[in-house]
Amino acid sequence: MLPARYETIILYSRNDAFGDGLVRIPALRAARTAFPDSFIVYGTSGASTLEHVLNRHVDHLVDAIHARTPLARLAAGHRNGKGRVAIVDFRMVAPWLIQTWASLVGRGIAYEANFPAFALSWPPGRKPEARPEHNAWRYHRLVERLAGRRLPFDHRLEPTPAARVAARSLADGKQAPLIVIAAHGDGDKRLTADQVVAISESMIADGANVIYVKTPGDGPDVVELVRRVPKLQSIDSGTVEDVDVSDILLALGEFADLYIGAEGGTAHLMATVMTPMVIVSGGANMSRWRPLSNSVDVVETRHARPTGGLVANVRAPKIIEAARRMLAARRRDHPHLLDRAGKTGSAQLRDNDMHKDKELKRVV
């Protein structure tokens, strides 16, 4: 049976931090795929990174974004016409969902809510089903239920061409494993300077090319990091003119051998280009917030002692051990990534690119 046509579809969440916005993108893609002719509105009760920071990745998927706008106001604003309206509610607070569901009874608005077993889905009597563990899949499943069919799940993002050029230049064609570290962030989702120094020194001693990327938020003093680890290369928002640091991260992540950082938005960003990673989790539920990469090694601290469950208190050797384990696993499981000289896949890729450039110059 074909899904009902909706004049307007409202996708609604409470608040979008950087990582929240990233894991909602697959659901927005699914909505546009299922309802190409509908007017799709994305709304939040709080701030949303999809409105500004991540807007480049979603502006073609939704027709309007209304941050800091009550859901009732959005619903009322789109009930003036005769077309059918549907609401997909990503929020997870049960009382809010029940209250919204009750307010919509009899108004002819289809309602899919992120409620246990999707039990509030309209119309009444629809069979409940288990929700997926991961939040990204929960949001996506809500859109599938509205559409009445399965839809592609795609969390990938594309860096800009300028970012790719900049990333290749910053990597400098070094014949070594490329490791990207980021430690800045909000709240407890950041590493300390001592952790970064210890990890960088160890990885560089192992022969890696290590790049530290300063992302928004608080964190170590980058000048101090470079002073303590002279071979550490640093990148921030002013490194490449007119190229956002998040795009440089995406481009670096496409060919990096490993990303190391705390659980949070930056890890979710690197997952969109499938970067292998080691993340330190200070208590997040990994069943719901695990980065959507194929290769992730999580250093859990929730019940760890003597760390007390804080990212900043995790001993650097534990993170280094995980990094070495991840790099060794890639070499073990994917022997084709090594050439006869023992270069990693990213190093070989840079070799191939340089070879192509030389051949092109010869032709020209």
Evaluate the charge dipole of segment 109-201 about its Cα centre and quote only its size in Debye, nearest 20, assuming +1 on the Cβ of each Lys and Arg and -1 on the Cβ of each Asp and Glu. 560 debye
In degrees, nearest ten, helix 316-333 long axis to first principal axis of the chain (Cα): 90 degrees
What is the packing order of peptides 164-177, 243-256, taking the mean over residues of other C-beta atoms within 10 Å and listing the highest first? 243-256, 164-177
Which value, in Å² rounded to 10, gives the accessible area of W137 with a 1.4 Å probe and all protein chains present? 110 Å²
Roughly how many nanometres apart are two label points built 7 Å out from the Cα toward the Cβ at R5 and A64? 2.0 nm
For segment 13-84, what does the accessible surface come to per residue with a 1.4 Å probe? Please give it in Å². 44 Å²
Quick check: the distance between the Cα centres of segment 62-115 and segment 177-195, to the nearest angstrom? 38 Å
Taking a point 7 angstrom from the Cα of R315 along the C-beta vector, which residues in segment 284-301 have backbone N less than 15 Å away? 300-301
Using θ = phi - 60° and the Karplus relation 6.51 cos²θ - 1.76 cosθ + 1.60, list the HN-Hα couplings for segment 188-197 in order, rounded to whole Hz, with x at every Gly or Pro. 8, 8, 7, 8, 8, 4, 4, 5, 4, 4
Residue-wise, which Karplus ³J(HN,Hα) couplings in Hz belong to segment 95-102, taking 6.51 cos²θ - 1.76 cosθ + 1.60, θ = phi - 60°, and x for glycine or proline? x, 5, 5, 5, 4, 5, 4, 5
Expected unfolding gain across W96-K127 under the 0.36 nm per residue rule, minus the alpha-carbon gap, is 9.0 nm
Can you compute the FRET efficiency between A119 and R156 using 1/(1 + (r/R0)^6), with r the Cβ-Cβ distance and R0 = 51 Å? Round to the nearest 0.05. 0.95
Using a 1.4 Å probe, what is the accessible area per residue for segment 181-237, in Å²? 45 Å²
Heavy-atom accessible surface of the chain: percent carbon and sulfur, 1.4 Å: 52 percent
Springs between alpha-carbon atoms under 10 Å, Gaussian network over the chain: tell me which of P152, P276, P26 tops the mean-square fluctuations. P152
Work out the P(r) tail for segment 150-237: percent of alpha carbon pairs separated by more than 14 Å, whole number. 68 percent
Going by alpha carbons, how many degrees (0 to 90, nearest 10) lie between the helix axis of 245-255 and the longest principal axis of the chain? 70 degrees
Specify the residue with the greatest mean-square fluctuation among G264, G283, G108, computed from a Gaussian network of the chain linking alpha-carbon atoms under 10 Å apart. G108
Shape call, segment 1-146: gyration tensor on alpha carbons, a/c limit 1.5: rounded
Measure nothing fancy, just the Cα-based angle from helix 18-34's long axis to the longest principal axis of the chain, in degrees from 0 to 90, nearest 10. 50 degrees
Leaving out ligands, DNA and RNA but keeping every protein chain, what accessible area does T49 have, in Å² rounded to the nearest 10, with a 1.4 Å probe? 20 Å²
Per residue, how much space in cubic angstrom lies within the convex hull of the C-alpha atoms of the chain? 174 Å³
Step through the table entries K174/K318; K214/K318; K189/K318, compare each Cα-Cα distance with 21 Å, and write down the pairs that go over it. K174/K318; K214/K318
Work out from phi, with θ = phi - 60° and the Karplus expression 6.51 cos²θ - 1.76 cosθ + 1.60, the ³J(HN,Hα) of each residue of segment 199-211, listed in order in whole Hz, and give x for Gly and Pro. 5, 4, 4, 5, 5, 5, 5, 7, x, 8, 9, 10, 10
Would you mind getting me the FRET efficiency between V165 and N15? Use the beta-carbon distance for r and R0 = 25 Å, nearest 0.05. 0.10
Using +1 on the beta carbon of Lys and Arg, -1 on that of Asp and Glu, and nothing else charged, what's the dipole of the chain about the Cα centre, debye to 20? 1120 debye
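The values are calculated or read from the model by the stated rules, or taken from the named source; none is laboratory data. Owing to the predicted nature of the structure, the values given are computational and were not obtained by experimental measurement. Don't worry about glycine lacking a Cβ; one is built from the backbone with ideal geometry, like all the others, and counts go over all protein chains shown. Areas reflect the complete protein model, heavy atoms only, side chains present, ligands, DNA and RNA absent. Shrake-Rupley method; radii C 1.70, N 1.55, O 1.52, S 1.80 Å.
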